[in-house]
1. Could you give me the residue pairs with C-beta distances under 9 Å whose first residue belongs to region 63-76 and is surrounded by fewer than 11 Cβ atoms within 10 Å (Cβ to Cβ), whose second residue is of a type in the set (A, V, I, L, M) wherever it lies, and which are 6+ apart or on separate chains?
Amino acid sequence: MIIITTPPPSVSATSFRTLVTVLLLLVSPLAVAEQGIDAFINNAVQPLTTFISSVVFYSVTMFGSDVPLVVAWLVFAAVFFTFYFNFF
């Protein structure tokens, strides 16, 4: 278990204590005991992961078909770096 006793240099001591207190209250042992630690973590991060996956896998129409944005980005990066590093 990691115990953080001093705040990072960019954070004031009062705001650091407040943040740690809020985090400890959010992860109460009673909530974890009801459903298990894996289900608790999954439920806690579900909204964030849903948002990230909707952004990453957003589809755009190219040449009459739907292409996920991540595929278009990877193709663009491959072509760009091929010419940039003279790999042709």
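The values are calculated or read from the model by the stated rules, or taken from the named source; none is laboratory data. No experiment lies behind these values; they were computed from the predicted model shown. All Cβ positions, glycine included, derive from the backbone under ideal geometry; neighbour counts span all protein chains shown.
1. D66/V60
The rows are residues; the columns are (1) in a helix (DSSP H, G or I); (2) within 20 Å of the chain's Cα centre (by Cα); (3) at pLDDT 75 or above.
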{"residue": "I4", "(1), (2), (3)": "no, no, no"}
{"residue": "P9", "(1), (2), (3)": "no, no, no"}
{"residue": "F16", "(1), (2), (3)": "yes, no, yes"}
{"residue": "A31", "(1), (2), (3)": "yes, no, no"}
{"residue": "N43", "(1), (2), (3)": "yes, yes, yes"}
{"residue": "P47", "(1), (2), (3)": "yes, yes, yes"}
{"residue": "L74", "(1), (2), (3)": "yes, yes, yes"}
{"residue": "A77", "(1), (2), (3)": "yes, no, yes"}
